[in-house]
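Written out below as structure tokens is the structure these notes cover.
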Amino acid sequence: MTEAAPSTSLPQKRHYRQRAHSNPMADHCFDYPQTPDEMDWFKHYPEMIKQNNDNNENVQVEFLDIGCGYGGLLITLSPMFPNTLILGMEIRVKVSDYVMDRIAALRSQHPSQYQNIACIRSNAMKYLPNFFKKGQLKKLFFLYPDPHFKKAKHKWRIINECLLAEYAYVLADGGIIYTITDVKDLHEWMADHLSKHPLFERMGEEELKDDPIIEKLYSSTEEGQKVTRNNGDKFLAVFKKISDPYFNNTS
Amino acid sequence: MVILYENNLLWCAFSRKLLVFHSSNEHEELEIPEPELPKESVKENNGKNITCITSSKDSEYTAITTQNKQLIVYNKVFKPIRNIKLPKVANKICFAPNNELLVADKNGDVWAYNVNIDNEKPVLLLGHLSIIIDMIISPCGKYIITCDRDEKIRVSHYPNSYNIAMFCLGHKEFVTQLHLLKNNVLLSASGDGTVRMWNYLEGKQLNMLDCNDRVEESILKKIVNELHKEEEIDISRLPVCNMQVQENDNNVILAISLYKIPKIYLYKLNSENLKCSYVNHIEVEKENFSFFLSSRLYIITDKVTGYNFNNNDVDLVACKLLDETISRYKDLLNHSTNCSTLFYKKKHNNIEDYLFRKKQRLESK
Ligand SMILES: C[S@@+](CC[C@H](N)C(=O)[O-])C[C@H]1O[C@@H](n2cnc3c(N)ncnc32)[C@H](O)[C@@H]1O
């Protein structure tokens, strides 16, 4: 969706501002593959995929930042996991376009870097199974998701009982969901729904202390930085996908 | 009109009438109790027609739902034993082999009701983001298969339905109907005008039948143009409205109707290699009709006509009793299908607009 000749200068955010909320239930016009096999990832990660084809290896996206906003987390994770394909999914047209332009500019400023990150405009609440196979993803990120305070809008919340089944579907066993928010009510909502879901188990401090990603969750993203500037609280909850206890009990 | 043929009983529901025909062709009309909280339902002026019907595999129970959100369960001798008020209008119901009743509501949620216990709270099994159009449960009782307006077929474990076993993806429009063959091949009919065959545990499409093949170009064009003008819907294929399946040995008969076409197309499907061949079609006199397939094909307009299959020929057969009974109610018959134009998405394209303006901005630098 970006222009043919990417600009080498970083995009300016003021050209890409957009109303904060986009209705995830509305029928927007999205480009999505009918099945994961039909997805052309080469377009998004040309260097990585070329290299891997040369070595006869098969790389696939393993980290997904849902509602990636302006893309701060992608850019932080890129050098930390140089061999992992990382994707941001963002529903807002201008915001996702900003991230695409930002990555294109970074790639041309720093040849051979930032090849492992990309952004797609899509509705993560509807199309995950079109992009990813069962158990394909290792990590899912929900950083500062839209709080949708009103009770009537709770069904728009990106974490809810029914959608957790889809997140569990695309995650491998042992895969991790990271959530962070400055809204206490939303934090409790997310932690509560994840705790109640039989396929997720909360990870304790002990388990997380060697995970280099944790400290990056607080202020890699634009939203996280805004909360810091306003001296807001930050609530973290991390969950691991486990195998279905229903089968463990019956077998 | 909702029709169910199960355990040698034929159930016909239309308006607020429920008839059951025995194999002897005798029939009885069942009592439909009013809601237990009449005050509440006064507000609802959506009508009280029957919307869904289903029977348990062991024929212990039959259940119906109505537009005014009633769920009524009948026992073996056709007496109502439960009269439950649903929180949402039901779109599809079915019994699991353990006789738990599954109710898919307008919001895309599936609830499980224990019909043996009075006032038991239902359990939420799973949810789609859009309306569930059809739902079946595998004979082994281990999987619920649901399909929705968003092109998706979801295979969930049962009763641990928080665990999705697979998605069957490939349809390009809403999925209207599901059917499992005896060899466990899943058939799905869709607004994209196709019937697809699946290995549903692997999410693999095994074959596909394009049901628009038999439609004349000029007729297709006319219907497409009308839809465009009247509803601003742009399509190129006619949706499959109803798919009825009858299996004997390796041969499967598919009877298929398409949106706005007063015909029923008959296909033979080889259940081993899943090859489909066109057999014949039957012209229907009226534009609105219902039909069902048992060992025979019955078409209901304001009367009933029956057909027999003989190799590739279809012959009219008498069905006097059925016809006489149904004709008596002809003012009450309503023919609805699984394919509502509401299932189409009005696509508003805001990307092209944005990209155009961005191009202008960059060029004016
Ligand atoms: C408050 S922002 C946080 C952005 C980013 N994670 C950060 O920390 O800066 C939430 C983002 O999620 C996006 N979003 C909301 N619903 C979405 C959906 N269904 N699919 C993809 N993105 C979504 C919004 O457009 C918005 O950019």
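Read-outs: derived from the displayed coordinates by stated rules, not from any lab. Just so we're clear, the structure is a prediction, and the values are computed from it rather than from any experiment. Neighbour counts run over all protein chains shown; Cβ positions are idealised from the backbone, glycine included.
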**Prompt:** Just wondering, is there one or more residues in the range A:151-170 that are away from chain B (no Cβ under 14 Å), within 12 Å of the ligand (Cβ to nearest atom) and either among the hydrophobic types (A, V, I, L, M, F, W, C) or surrounded by fewer than 17 Cβ atoms within 10 Å (Cβ to Cβ) (or both)?
**Reply:** yes
**Message:** Can you pull out every residue in the range A:187-201 that is within 19 Å of the chain's Cα centre (by Cα) and not in a helix (DSSP H, G or I)?
**Reply:** A:200
**Prompt:** Is at least one residue of the range B:53-71 within 19 Å of residue B:132 (Cα to Cα), among the acidic types (Asp, Glu) and out of contact with any Lys or Arg (no Cβ under 7 Å at 6 or more places or on another chain)?
**Reply:** no
**Fill in**
Among helices (runs of 4 or more DSSP H) entirely within the range A:204-251, at least 1 residues that are of a type in the set (A, V, I, L, M, F, W, C), under 19 Å from residue A:147 (Cα atoms) and within 16 Å of the ligand (Cβ to nearest atom) occur in A:214-217, A:222-229
**Fill in**
How many residues of the range B:131-147 are in contact with a Lys or Arg (Cβ under 6 Å, 6 or more places away or on another chain) and either closer than 15 Å to residue B:203 by Cβ or facing chain A (nearest Cβ under 8 Å) (or both)? The answer is 1
**Asked** Would a scan of the range A:172-186 turn up a residue that is within 16 Å of the ligand (Cβ to nearest atom), more than 29 Å from residue B:167 (Cβ to Cβ) and assigned to a helix (DSSP H, G or I)?
**Response** yes
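Residue-wise test of (1) closer than 19 Å to residue B:109 by Cβ; (2) out of contact with any Cys (no Cβ under 9 Å at 6 or more places or on another chain).
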site	(1), (2)
B:144	yes, no
B:150	yes, yes
B:156	yes, yes
B:159	yes, yes
B:166	no, yes
B:169	no, yes
B:173	no, yes
B:179	no, yes
**Complete:** Expected single match for among the hydrophobic types (A, V, I, L, M, F, W, C) and farther than 20 Å from residue A:158 by Cβ among A:199, A:217, A:208, A:186 is A:208
**Unmet criterion (only one of (1) within 12 Å of chain A (Cβ to nearest Cβ); (2) of a type in the set (Ser, Thr, Tyr); (3) within 22 Å of residue B:223 (Cα to Cα)) for residue B:194** = (1)
**Message:** For the condition touching a residue at least 60 places away in the same chain (Cβ under 8 Å) and either crowded, with 22+ Cβ neighbours inside 10 Å or over 26 Å from residue A:241 (Cβ atoms) (or both), what is the one hit in B:162, B:158?
**Reply:** B:158
**Prompt:** Any residue in the range A:120-139 that is in contact with a Lys or Arg (Cβ under 6 Å, 6 or more places away or on another chain) and either of a type outside the set (A, V, I, L, M, F, W, C) or more than 15 Å from the ligand (Cβ to nearest atom) (or both)?
**Reply:** no
**Complete:** Considering only strands (runs of 3 or more DSSP E) wholly within the range B:258-365, the ones with at least 1 residues that are within 14 Å of chain A (Cβ to nearest Cβ) and either among the basic types (Lys, Arg) or free of Cβ contacts under 8 Å to residues at least 12 places away in the same chain (or both) are none
**Asked** Give me the pairs: first residue in the range A:192-218 and within 14 Å of another protein chain (Cβ to nearest Cβ), second residue loosely packed, with under 10 Cβ neighbours inside 10 Å, beta-carbon distance under 7 Å, and six or more apart or on different chains, which are they?
**Response** none
**Prompt:** Which one of these is crowded, with 19+ Cβ neighbours inside 10 Å and either touching a Gly at 6+ places or on another chain (Cβ under 6 Å) or within 20 Å of residue A:90 (Cα to Cα) (or both): A:132, A:200?
**Reply:** A:132
**Request:** Test residue B:236 against the criterion of being assigned to a loop (DSSP other than H, G, I, E, B), free of Cβ contacts under 8 Å to residues at least 40 places away in the same chain and farther than 30 Å from residue B:16 by Cβ, and give yes or no.
**Result:** yes
**Prompt:** Just to be sure, is residue B:150 under 18 Å from the mean Cα position of the chain (by Cα), within 14 Å of chain A (Cβ to nearest Cβ) and either surrounded by 22 or more Cβ atoms within 10 Å (Cβ to Cβ) or not in a loop (DSSP other than H, G, I, E, B) (or both)?
**Reply:** no
**Asked** How many of the residues making up the range A:94-115 are within 13 Å of the ligand (Cβ to nearest atom) and surrounded by fewer than 22 Cβ atoms within 10 Å (Cβ to Cβ)?
**Response** 1
